[in-house]
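Take a look at the structure set out below.
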């Protein structure tokens with residue numbers, strides 16, 4: 001076997017030690033780098049959860065928001081058409097009503113009495129028409145026979161008959177107006193809509209016409 005000199009063996013040992021040291025020097029930075037990366041990963045905040053959705057194709061209506069003011073198409077001030085005392089209120093503030101619905105009742109008693117009075121007056125006028133008509137027809141027959149009836153008497157009977165007809169027509173018109181006033185004691189909604197605030201409560205006296213106090217609005 002060949003014999004190595006002491007110098008050769010020392011040189012070999014030095015080379016071996018140098019190789020191991022170099023490998024340690026190379027491996028040490030790698031170990032430090034991996035440890036630093038592990039620490040950074042441990043200190044990093046957790047991942048935030050996200051929502052996912054399937055992509056779809058659909059029609060979208062664009063819109064925007066604006067400030068505005070609502071105003072009714074129709075606004076009606078409800079006032080009494082006849083004077084009297086508020087007897088009954090038939091609605092609640094803010095409720096929806098239809099045209100013709102009863103809103104307020106004004107005491108109808110005075111107007112009903114007036115209707116009854118004019119009905120009696122109309123009946124009397126009708127009786128007067130019948131009486132004067134009979135007198136006129138009788139006078140015309142007597143005048144034709146020249147018996148006890150002059151032209152003057154005949155003219156008076158004709159005038160009386162015409163006056164009775166006029167009075168009867170006037171009584172009819174008065175009764176119609178009184179019946180309208182009686183109907184107006186029932187204040188009805190002129191249009192459909194939402195009733196506003198009740199301005200006058202039961203028991204109050206109201207006047208009629210354009211200057212009458214406001215009952216409510218629609």
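The values are calculated or read from the model by the stated rules, or taken from the named source; none is laboratory data. Given the structure is predicted, the values throughout are model-derived calculations rather than measurements. So basically every Cβ, Gly included, is an ideal-geometry build from the backbone, and we count neighbours across all protein chains shown.
Observations on the model:
- Checking 58, 138 one by one, the residue that is outside any helix (DSSP H, G or I) and free of Cβ contacts under 8 Å to residues at least 60 places away in the same chain is 58 and no other.
- Residue count for the range 199-215, restricted to those that are farther than 20 Å from residue 181 by Cα and not in a loop (DSSP other than H, G, I, E, B): 0.
- Some residue of the range 173-180 being in contact with a helix residue (DSSP H, G or I) (Cβ under 8 Å, 6 or more places away or on another chain), surrounded by 14 or more Cβ atoms within 10 Å (Cβ to Cβ), under 27 Å from residue 218 (Cβ atoms) and not assigned by TED's automatic domain parsing to the domain that holds residue 196: yes
- Residue-level check: of (1) outside any helix (DSSP H, G or I); (2) at pLDDT below 90; (3) in contact with a helix residue (DSSP H, G or I) (Cβ under 6 Å, 6 or more places away or on another chain), residue 146 misses just (3).
- A single member of 89, 153, 82, 76 is over 22 Å from residue 203 (Cβ atoms), surrounded by 11 or more Cβ atoms within 10 Å (Cβ to Cβ) and touching a strand residue (DSSP E or B) at 6+ places or on another chain (Cβ under 9 Å), and it is 76.
- Boolean, residue 183 is without any contact (Cβ under 8 Å) to a residue 24 or more places away in the chain, over 16 Å from residue 82 (Cα atoms) and in a helix (DSSP H, G or I): no
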